[in-house]
Amino acid sequence: MRIAAFLFAAAAVGLAATSAMAAFSGSAVVNSNGSLARSVNVRSAKSLGEGEYQVLFTRSVTACAYTAAIGVSTPSAESAGTVSVVGRSDHNNGVYVETFDTAGNPAKLGFYIIVAC
């Protein structure tokens, strides 16, 4: 009986943790000029310079995971490149994104971003 109660309690904690972690998600398609093409739970996006962007979400994303990929909002040929993303040190709701061409130089490229908490 104790084992069954322990397993039930462990499963409940696991489900609660999973539910809490998945409680917020956000995503955006950001154009190379920093404008939002479409988004979910995103307040704004803007270009900060050549290949530098800020994306602000509707709540804090400090305890979340971020991923991004080079991409465009409409069917067209986008330049190849790479992207990096990190949380903003000066804004709990924001992430900082950098895009680079294939030579590793900062470049204005569109991207997709997903945040999961």
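The values are calculated or read from the model by the stated rules, or taken from the named source; none is laboratory data. From a predicted model like this one, the values you see are computed outputs, not experimental measurements. Positions of Cβ are backbone-derived with ideal geometry, glycine not excepted, and every protein chain shown enters the neighbour counts.
The conditions are (1) under 16 Å from Ile114 (Cβ atoms); (2) modelled with pLDDT of 95 or more, and Gly34 fails exactly one of them. Which is it?
(1)
Take Glu78 and decide whether it is of a type outside the set (Phe, Trp, Tyr), over 14 Å from the mean Cα position of the chain (by Cα) and at pLDDT 95 or above.
So Glu78 does not fit the description; no.
In this structure, does Val72 turn out to be closer than 11 Å to Ile114 by Cα, among the β-branched types (Val, Ile, Thr) and modelled with pLDDT under 95?
No, not satisfied.
Out of (1) at pLDDT 95 or above; (2) crowded, with 20+ Cβ neighbours inside 10 Å; (3) under 12 Å from the mean Cα position of the chain (by Cα), the odd one out for Val61 is which?
In the conditions (1) at pLDDT 95 or above; (2) crowded, with 20+ Cβ neighbours inside 10 Å; (3) under 12 Å from the mean Cα position of the chain (by Cα), Val61 misses (1) alone.
Filter the range 20-40 down to the residues that are in contact with a strand residue (DSSP E or B) (Cβ under 9 Å, 6 or more places away or on another chain), loosely packed, with under 15 Cβ neighbours inside 10 Å and not in a strand (DSSP E or B) and list them by number.
Met21, Ala22, Asn33, Ser35
I want to confirm something. Restricting to the range 41-52 and keeping residues that are surrounded by 14 or more Cβ atoms within 10 Å (Cβ to Cβ) and of a type in the set (A, V, I, L, M, F, W, C), which single residue is farthest from Asn93 (Cα to Cα)?
Filtering the range 41-52 for residues that are surrounded by 14 or more Cβ atoms within 10 Å (Cβ to Cβ) and of a type in the set (A, V, I, L, M, F, W, C), the one farthest from Asn93 (Cα to Cα) comes out as Ala45.
For the range 74-102, how many residues meet the condition of being of a type in the set (Ser, Thr, Tyr) and buried (at least 18 other Cβ atoms within 10 Å of the Cβ)?
Residues meeting the conditions: 2.
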